[in-house]
Every structure is written in structure tokens, then in C-alpha cells.
Amino acid sequence: MKAQMDRYESLEALTLTRNRAGIVILSHIQVSESERGNGIGNQIMRSLLELADAHGDTVALTPSNQFGRNVRRLKSWYRSFGFRPNTGRRRDCSTWEAMIRPPQS
């Protein structure tokens, strides 16, 4: 996936790993400050999730304020891409991440 994401020049950082259960963990995504607010993050996320869907991958993440972001806004943004809280009866115990998105067809 990372190789396909190289086409985005304004993507400063992207950290993806795969846990033992095969879930793709998105732990860091960062768009250059000068490009924020121009929809680049939406384009990158759509591309990333299209690739995940094409490979049948579940993606999980935990929104963080580590880089000065508003966690509530991040959760809302991730929900707009189909992520849901990884809690309750629907919890996927194969990851500790707070939000999860199964592959979409």
C-alpha cells in the first residue's frame, strides 16, 4: 500500500503495519501543513481504503491528539470513511485500536 501512496507529494508521513491477525494498523498519517484544508487528506484516505478494500483488508486506528489534532473531530472524520468504534458486542478483539473498518465491497 505504501508504494501506491508515494504519488502524494504533500504526504509527509504514513505509518502502516499489519498485526498478527492480519489487520492493517494506521498509526500515523500527516499532510504537509501548507496543504492542509485542501482535501488532500480526504484523497489520501480514500485511496488507502480503496487499496485495503481491493485486498480484503480490515483497517484499524486510534485517533490521537499527539500532533495537536482535536480527537473528537478526528473520530468524526474517520467515521465518514466507514470506521466505527471498536467497542461493545461488535468489538474485534484481534486489535487494541479504538476504531475499525472492515473491507467494503
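The values are calculated or read from the model by the stated rules, or taken from the named source; none is laboratory data. Note that the coordinates shown come from a computational prediction; the quantities given were computed from them, not determined experimentally. Cβ: placed from backbone, ideal geometry, glycine included. Neighbour counts: every protein chain shown. Accessible surface areas use protein heavy atoms only, side chains included; no ligands, DNA or RNA. Shrake-Rupley method; radii C 1.70, N 1.55, O 1.52, S 1.80 Å.
Inside region 46-76, can you point out the residues that are assigned to a helix (DSSP H, G or I) and open to solvent by 70 Å² or more (accessible area, probe 1.4 Å)?
Within region 46-76, 46, 50, 54, 72, 73, 75 meet the criteria.
Given the criterion open to solvent by 20 Å² or more (accessible area, probe 1.4 Å), in contact with a strand residue (DSSP E or B) (Cβ under 6 Å, 6 or more places away or on another chain), outside any loop (DSSP other than H, G, I, E, B) and hydroxyl-bearing (Ser, Thr, Tyr), identify the matching residue among 27, 34.
It is 27.
Considering region 85-105 alone, what residues qualify as being of a type in the set (Lys, Arg) and open to solvent by less than 50 Å² (accessible area, probe 1.4 Å)?
Result: 101, single match.
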